[in-house]
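Worksheet: the structure to be examined is printed underneath.
The values are calculated or read from the model by the stated rules, or taken from the named source; none is laboratory data. The structure displayed is predicted, hence computed values, not measured ones. Here the Cβ positions follow ideal geometry from the backbone for every residue, glycine too, while neighbour counts run over all protein chains shown. Heads up: the accessible areas ignore ligands, DNA and RNA and are worked out on the full protein's heavy atoms, side chains in. Shrake-Rupley method; radii C 1.70, N 1.55, O 1.52, S 1.80 Å.
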Amino acid sequence: MNVKVIFPKDSQPDIAKATIAERLCQAAFLCINLPDYIEVHFAKLGPSIYGETILKPGINRSITINLDLSIAEIIYPITHELIHLSQVYEGKLVVGGRGIYVWEGKTYKVDPAKISYMAYKELPWEYDVAVRQKKLIEQIIG
């Protein structure tokens, strides 16, 4: 498995964060289904966003983590986003345009501007991450 860690052009690469990101991806690859190549982008995402999975047609290998998080804080968002990447890779989750998500064959229309955080966490793909994340972290970190 290959992992490429990318930092914004206007910032210094954080070798410690890059190393943690690479190791987490490598370890997760042994536990869940992931593509052979993953890009981990660090970017300024704002104060309340920890990470996101880039899900576009043909680009299902990239996650973004908030650059402002500490080394200790990046573990949860990286594993969270890797599980989303796994969901897409396995075909459980398909993300279409305009807020259309297909989870295990069922279509959902989600408007991020109109859904509460609590309701968002209860969407089936987010619930799946919540159930699997603790176990994944235990498997890869101990």
- [ ] Please work out how much length the chain gains when fully extended from Asn2 to Ile49, using 0.36 nm per residue of separation minus the C-alpha to C-alpha distance, in nm with one decimal.
- [x] 14.3 nm
Task: Pairwise FRET efficiency - Gln26 versus Lys135, Cβ, R0 = 25 Å, nearest 0.05 - done: 0.90
Task: Sulfur and carbon atoms: percent of accessible area, the stretch 59-142 [1.4 Å] - done: 56
Open item on the list: Tell me the per residue accessible area of the chain using a 1.4 Å probe; a whole number in Å² is fine.
Closed with: 59
Open item on the list: Among Thr53, Thr107, Thr64, which one shows the highest mean-square fluctuation when the chain is modelled as a Gaussian network with alpha-carbon springs under 10 Å?
Closed with: Thr107
Open item on the list: Here is the link list: Lys17/Lys134; Lys17/Lys114; Lys9/Lys106; Lys44/Lys92; Lys9/Lys135; Lys9/Lys114. Which ones come out longer than 32 Å on Cα distance?
Closed with: Lys17/Lys114; Lys9/Lys106; Lys9/Lys135; Lys9/Lys114
Open item on the list: Could you work out how much longer the chain between Ala16 and Tyr108 gets when fully extended? Use 0.36 nm per residue separation minus the Cα distance between them, nm to one decimal.
Closed with: 29.3 nm
- [ ] Considering only DSSP beta bridges where both residues belong to the chain, give the percentage that are antiparallel (nearest 5).
- [x] 55
- [ ] Starting from the Cα-Cα distance between Ile100 and Lys121, subtract it from 0.36 nm times their residue separation and give me the gain in nm to one decimal.
- [x] 5.9 nm
Open item on the list: Restricting to Cα pairs below 8 Å that are 6+ residues apart, what does the relative contact order work out to for the chain? Please round to a whole percent.
Closed with: 21
